[in-house]
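The structure appears below as structure tokens.
The values are calculated or read from the model by the stated rules, or taken from the named source; none is laboratory data. Since the structure is predicted, the reported quantities are computational estimates derived from the model, not experimental observations. Glycine gets a Cβ as well: all are built from the backbone with ideal geometry, and neighbour counts include every protein chain shown.
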Amino acid sequence: MRTAVVRIDVDPTGQLTPEQLTAGMATLRDLADGAGAEVVDASVAAMPVGRRQARLLITGAEADVIDIGMRLCASAFGTVPAAGVVTYLSRGTDADVHGVLAGLGLTGEVVRTPGADGLDVVKVTLAEPDLQRVGESRIHTALEASLNCEVHIHSR
């Protein structure tokens, strides 16, 4: 499973005071600990209205992590939060390869070998129809950015 960075606007209407936002962040940390999530340290009280986003690190599927983040923030701040952008941490693992592929609606086989320079080379084999549907350059760029290693794409 990949780790998502879930951004939640905890005060979309701008009604909370700086003190309420600070207290809400403390509560959010406690709730997140109990839910297996982690809060990225930030001063939400210093953020302008419309950008008061808590960031949580949550492992799981995209729909699940958004739901978890929304519930935690609603409980912590007593507001109706708004979901923001979800991005993913990458540790360069095969799970990251499969996560990037899933984000593009693809599945594939992954083989990792050590390269001559000591860095990994990741070979990804995809079905030919998938390569016709999603451009190889798009797949290649996404994988290299996520993995920070050499990527070879092959078709079957």
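Quick check on Thr59: is it within 30 Å of Val151 (Cα to Cα), surrounded by fewer than 13 Cβ atoms within 10 Å (Cβ to Cβ) and β-branched (Val, Ile, Thr)?
no
Applying the selection to the stretch 1-52, what residues are surrounded by fewer than 13 Cβ atoms within 10 Å (Cβ to Cβ), part of a loop (DSSP other than H, G, I, E, B), on the phi < 0 side of the Ramachandran plot and over 18 Å from the mean Cα position of the chain (by Cα)?
If the condition is that a residue be surrounded by fewer than 13 Cβ atoms within 10 Å (Cβ to Cβ), part of a loop (DSSP other than H, G, I, E, B), on the phi < 0 side of the Ramachandran plot and over 18 Å from the mean Cα position of the chain (by Cα), then Thr13, Gln15, Thr17, Ser43, Pro48, Val49, Arg51 are the ones that fit.
Can you tell which of Gly105, Gly135 is surrounded by fewer than 16 Cβ atoms within 10 Å (Cβ to Cβ), touching a helix residue (DSSP H, G or I) at 6+ places or on another chain (Cβ under 9 Å) and not hydroxyl-bearing (Ser, Thr, Tyr)?
Of Gly105, Gly135, the one residue that is surrounded by fewer than 16 Cβ atoms within 10 Å (Cβ to Cβ), touching a helix residue (DSSP H, G or I) at 6+ places or on another chain (Cβ under 9 Å) and not hydroxyl-bearing (Ser, Thr, Tyr) is Gly105.
Is it true that Gly118 is out of contact with any Leu (no Cβ under 8 Å at 6 or more places or on another chain), at positive phi and touching a residue at least 24 places away in the same chain (Cβ under 8 Å)?
Here the answer is no, as Gly118 does not meet what is asked.
Is the stretch 111-120 home to any residue that is at pLDDT 90 or above, touching a strand residue (DSSP E or B) at 6+ places or on another chain (Cβ under 7 Å) and either assigned to a helix (DSSP H, G or I) or buried (at least 17 other Cβ atoms within 10 Å of the Cβ) (or both)?
No, every residue in the stretch 111-120 fails to be at pLDDT 90 or above, touching a strand residue (DSSP E or B) at 6+ places or on another chain (Cβ under 7 Å) and either assigned to a helix (DSSP H, G or I) or buried (at least 17 other Cβ atoms within 10 Å of the Cβ) (or both).
Looking only at the stretch 53-70, how many residues end up being within 10 Å of the chain's Cα centre (by Cα), of a type in the set (A, V, I, L, M, F, W, C) and not in a helix (DSSP H, G or I)?
Qualifying residue count, the stretch 53-70: 4.
Is it true that some residue in the stretch 97-109 is of a type in the set (D, E, K, R), touching an Asp or Glu at 6+ places or on another chain (Cβ under 7 Å) and closer than 24 Å to Glu150 by Cβ?
No, the stretch 97-109 contains no residue that is of a type in the set (D, E, K, R), touching an Asp or Glu at 6+ places or on another chain (Cβ under 7 Å) and closer than 24 Å to Glu150 by Cβ.
Could you tell me whether any residue of the stretch 97-104 is under 30 Å from Arg52 (Cβ atoms), under 17 Å from the mean Cα position of the chain (by Cα), among the small types (Gly, Ala, Ser) and assigned to a strand (DSSP E or B)?
No, the conditions are met nowhere in the stretch 97-104.
If we scan the stretch 87-103, do we find a residue that is out of contact with any Ser or Thr (no Cβ under 6 Å at 6 or more places or on another chain) and closer than 30 Å to Thr17 by Cα?
Yes, the conditions are met somewhere in the stretch 87-103.
Of all residues in the stretch 93-110, how many are over 14 Å from Thr3 (Cα atoms) and either touching a strand residue (DSSP E or B) at 6+ places or on another chain (Cβ under 9 Å) or not assigned by TED's automatic domain parsing to the domain that holds Leu147 (or both)?
Count: 6.
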